[in-house]
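One structure below.
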Amino acid sequence: MNIKMNSNESNDSHHRAVIRSFDIAAHKYDGARRKLLPCFDDFYGIALQLTDTGMPTPRILELGAGTGLFSDMLLTAFPDAHLTLIDHSESMLNEARRRFAGYGEQVKFICSDYSQLDSEVEMQNRRQSFDAVVSALSIHHLDDRAKERLYAQCYDWLKPGGRFINADQALGAGEHMEDVCQRDWLARVEGSGLERTEIDASIARRKLDRSARMESQLRWLRSAGFSEADVMYRFFTFAVFYARK
């Protein structure tokens with residue numbers, strides 16, 4: 001007998017699978033990241049550049065912060081910034097806690113599903129409190145409706161003039177273009193020298209992806225209220241979105 005899951009059950013199951021996959025990968029995540037991301041330097045470098053608010057002590061929220069890889073870059077570039085890191089994998093966030101052990105209250109951690117933070121006590125007084133909301137390689141795990149809701153939430157979390165930067169995966173314009181992107185990624189990763197087990201693990205994680213087309217995401221950002229929204233960088237399936245409140 002076939003048992004059909006409703007959308008909430010399906011989303012819960014997917015959510016748990018994503019957490020499990022990153023719990024398993026936590027201790028190796030940073031070491032493999034450069035080889036799994038062929039455009040690593042440009043991808044993170046441009047996201048970092050776009051996060052520069054020009055303020056001496058910016059308040060930055062990172063969604064899906066994982067081990068703190070991108071937050072580490074942010075603190076190197078903006079040493080007086082105050083960061084809040086959110087991730088739903090306790091194992092990944094524990095890596096970040098170790099990484100920032102000496103920063104005290106300058107770096108805060110929330111283990112939670114950031115797509116549901118409107119109901120979290122920790123975020124109740126944070127409306128319009130951040131200069132920047134950033135994310136790297138995380139939001140593509142959400143379905144389209146959740147992405148759209150999250151973009152509206154990010155708009156609320158930002159101060160006037162604040163910016164949202166999402167460095168992430170995005171679908172090609174059609175099936176052919178998406179196939180081109182996926183074949184290019186696999187060829188580059190297989191030629192990177194990364195161990196086969198790590199390649200296979202990444203391929204397995206990508207099966208959990210729910211990437212959306214770039215034009216759809218730009219539409220959702222504008223509908224959320226952002227005065228400007230654009231793709232500032234693209235390398236095949238990887239893109240850096242920028243939106244300003």
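For beta carbons closer than 7 Å, sequence separation of 6+ or different chains, a first residue in the stretch 139-150 that is closer than 17 Å to Leu61 by Cα and in contact (Cβ under 8 Å) with a residue 40 or more places away in the chain and a second that is part of a helix (DSSP H, G or I) and charged (D, E, K, R), the qualifying pairs are Ile139/Lys147. Go through the stretch 132-245 and tell me which strands (runs of 3 or more DSSP E), entirely inside it, have 2 or more residues that are surrounded by fewer than 18 Cβ atoms within 10 Å (Cβ to Cβ). Fully inside the stretch 132-245 and qualifying: 158-169, 228-235. Is it true that some residue in the stretch 26-47 is at pLDDT below 95, of a type in the set (A, V, I, L, M, F, W, C) and over 24 Å from Tyr233 (Cβ atoms)? Looking for residues that are at pLDDT below 95, of a type in the set (A, V, I, L, M, F, W, C) and over 24 Å from Tyr233 (Cβ atoms), one finds at least one in the stretch 26-47, hence yes. Going by what's in this entry, would Gln49 be described as surrounded by fewer than 19 Cβ atoms within 10 Å (Cβ to Cβ) and closer than 15 Å to Phe164 by Cα? The answer is yes for Gln49.
For every residue, the table says whether it meets (1) under 14 Å from Ala136 (Cα atoms); (2) in a loop (DSSP other than H, G, I, E, B); (3) touching a helix residue (DSSP H, G or I) at 6+ places or on another chain (Cβ under 8 Å); (4) not β-branched (Val, Ile, Thr).
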| site | (1), (2), (3), (4) |
| --- | --- |
| Tyr44 | yes, no, yes, yes |
| Leu50 | yes, no, no, yes |
| Pro56 | no, yes, no, yes |
| Glu62 | yes, no, yes, yes |
| Leu85 | yes, no, yes, yes |
| Leu93 | no, no, no, yes |
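The values are calculated or read from the model by the stated rules, or taken from the named source; none is laboratory data. Keep in mind that what you see is a predicted model, and the values were worked out from it rather than measured. Because the Cβ atoms are built from the backbone with ideal geometry, glycine has one as well, and the counts that use them run over all protein chains shown.
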